[in-house]
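Undergrad: Below is the structure I would like to discuss, written out as structure tokens.
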Amino acid sequence: MKIIDSLVTQAAGIASIRRDIHAHPELCFEEVRTADVVAQALTQWGIPIHRGMGTTGVVGIVHGRDGGACGRAVGLRADMDALPMQEFNTFTHASQHAGKMHACGHDGHTAMLLAAAQHFAKNRNFDGTVYLIFQPAEEGGGGAREMIKDGLFDKFPMEAVFGMHNWPGPQVGRFAVSAGPVMASSNEFRIVIRGKGGHAALPHNGVDPVPIACQMVQAFQTIISRNKKPVDAGVISVTMIHAGEATNVVPDSCELQGTVRTFTLEVLDLIERRMKQIAEHVCAAHDAQCEFEFVRNYPPTINSAREAAFARRVMASIVGEEHVDEQEPTMGAEDFAYMLQAKPGAYCFIANGDGAHREMGHGGGPCMLHNPSYDFNDDLIPLGATYWVRLAEEWLAQETA
């Protein structure tokens, strides 16, 4: 691997920052302390900053040797927020805040971009500008969307924007990137079936919403198996069913909730339309009333072809082509999708290893994302930072289209 020497030398210091952030997790739009840590580090290294975008976001502005005079720019993004869950780990940098944990590695994403920033502060081997985007509220808050609403791409015009996420399992030293959809849209639904309650021994006197709900759940899966094309990906998951308070009472209502995931807006449109039709018609067939709500959260994350190919070339120059994998699309969602709707770019994965980096005896489960025993692998910091540095340098070295 061709890792920049200075990034290896500085890795321990950046790892200390990462562990400090891990010990003090903050949820979406609450990343005040984390933003302070980022801002103080950037300011200490002589990098101008802009704060408060998207509530708690931080943008670092690194001009190259020309002072940014050429007008070209590229954006690099890291997320900062934690998850509302209890950590099982017992190492010294475990969460100090009950019910909050960096279980997705955003502390590590912040650290890798900080390591790159530290290098840029001393080695401005490019013309143009690199914008370092430290984003809040990826975990459900849509921080990317909010930063864009606050003028991210207006105040900091850039040709392209790139993001990166750690991926547990594959051996450290591997990357993955591909053109097209790499993460799914995330959407939620809530359906209330209103029947007529009564005595469980006299069901003919009421309208029981429970069997109606059962028919509805089964019918939804026909959308996946019979309405959309078999080659198009889509998932409907009914994850909550709430009804009743006593064993001898037919309830008045039954509520269903769940999620829908797709890689395209066309499939999403189809699923939403058919779910509404099925819900309303099944209720009507049983003389019940239907309330249908469908909320679209994050759109699908779709890498543009040119930028994905460029990112692959940079990765291959660092770890070798044989260590750059095709990015298998996942049904997880990512709000970097909003940035890719506004700008060309690519979102890649960097391998986090199998969890062997954790000290023995810490945590009761696998080192997977959103698991209470997860921890970011600090060995990634110089590698991820090298990718950021080379990506920015080589992007700005290209001839303009």
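Throughout, read-outs are computed from the coordinates displayed, never taken from laboratory work. These numbers were taken from a predicted model, which means no experiment stands behind them. Note: ideal-geometry Cβ built from the backbone for every residue, glycine included; neighbour counts use all protein chains shown.
Undergrad: Of 156, 210, 182, which is farthest along the charge dipole of the stretch 153-212 in the positive direction, counting Lys and Arg as +1 and Asp and Glu as -1 at C-beta?
TA: 210
Undergrad: Spit out the partnerless Cys residues in the chain, using Cβ distances under 4.7 Å as the pairing rule.
TA: 28, 70, 104, 214, 254, 348, 367
Undergrad: Would you compute the Debye intensity of the stretch 187-296 from its alpha-carbon atoms alone, equal scatterers and no solvent, and pass along log10 I(q)/I(0) at q = 0.24 Å⁻¹ to two decimals?
TA: -1.27
Undergrad: Å³ per residue of the Cα convex hull, for the stretch 1-98?
TA: 149
Undergrad: Here's something else I'd like to know. Return the calculated 222 nm mean residue ellipticity for the chain, to the nearest 500 deg cm²/dmol, obtained by summing -39500 (n - 2.57) across DSSP H runs with n ≥ 4 and dividing by the residue count.
TA: -11000 deg cm²/dmol
Undergrad: Only Cα pairs under 8 Å and at least 6 apart count here; give the relative contact order of the chain as a rounded whole percent.
TA: Relative CO of the chain lands at 24 percent.
Undergrad: Turning to a different aspect of this structure: Using a Förster distance of 22 angstrom, determine the FRET efficiency expected from the C-beta separation of residue 171 and residue 2, and round it to 0.05.
TA: 0.80
Undergrad: With a cut-off of 8 Å between alpha carbons and a minimum separation of six or more residues, what is the relative contact order of the stretch 239-302 in percent?
TA: Reported relative contact order: 24 percent.
Undergrad: So what does the Cα-only Debye profile of the chain read at q = 0.07 Å⁻¹, as log10 I(q)/I(0), no solvent term?
TA: -0.38
Undergrad: Among 58, 74, 251, which residue has its Cα furthest toward the positive end of the charge dipole of the chain, with +1 on Lys/Arg Cβ and -1 on Asp/Glu Cβ?
TA: Going by the charge dipole, the pick is 74.
Undergrad: If the only charges are +1 at each Lys and Arg Cβ and -1 at each Asp and Glu Cβ, what is the size of the charge dipole of the chain around the Cα centre, to the nearest 20 debye?
TA: Dipole magnitude for the chain comes out near 540 debye.
Undergrad: For a footprinting-style exposure proxy, rank 162, 189 by other Cβ within 10 Å, fewest first.
TA: Sorted ascending by nearby Cβ count, the order is 189, 162.
Undergrad: In the stretch 60-132, if every C-alpha pair distance is counted and binned at 5 Å from zero, what percent goes to each bin?
TA: Final binned percentages: 4, 15, 20, 16, 11, 10, 9, 7, 6, 2, 0.
Undergrad: Give me the Kirkwood hydrodynamic radius of the stretch 54-209, using the inverse of the mean 1/r over all pairs of distinct Cα atoms, in Å to one decimal.
TA: For the stretch 54-209, inverting the mean 1/r across all distinct Cα pairs yields 19.4 Å.
Undergrad: Could you work out how far apart the two model spin labels at residue 214 and residue 266 are, taking each label as a point 7 Å from the Cα in the direction of the beta carbon, and quote it in nm?
TA: 3.8
Undergrad: Which of 226, 77 has the fewest other C-beta atoms within 10 Å, and how do the rest follow up to the most?
TA: In order of increasing Cβ crowding within 10 Å: 226, 77.
Undergrad: Compare the Cα positions of 220, 349, 292 along the charge dipole of the chain (+1 at Cβ of Lys, Arg; -1 at Cβ of Asp, Glu; about the Cα centre) and return the one farthest towards the positive end.
TA: My answer, from the dipole projection, is 349.
Undergrad: Based on other C-beta atoms within 10 Å, arrange 292, 126 from fewest to most.
TA: 292, 126
Undergrad: A further question on this structure: Classify the stretch 230-283 as rounded, prolate or oblate from the Cα gyration tensor: take a ≥ b ≥ c as the square roots of its eigenvalues, call it rounded if a/c is under 1.5, otherwise prolate when a/b beats b/c and oblate if not.
TA: Prolate.
Undergrad: According to the square roots a ≥ b ≥ c of the eigenvalues of the Cα gyration tensor, what is the shape class of the stretch 179-251, taking rounded for a/c under 1.5, prolate for a/b larger than b/c otherwise, and oblate for the remainder?
TA: prolate
Undergrad: Go through 122/149; 229/276; 228/276; 196/276 and tell me which ones have a Cα-Cα distance over 26 Å in this structure.
TA: Result: 122/149 exceed 26 Å.
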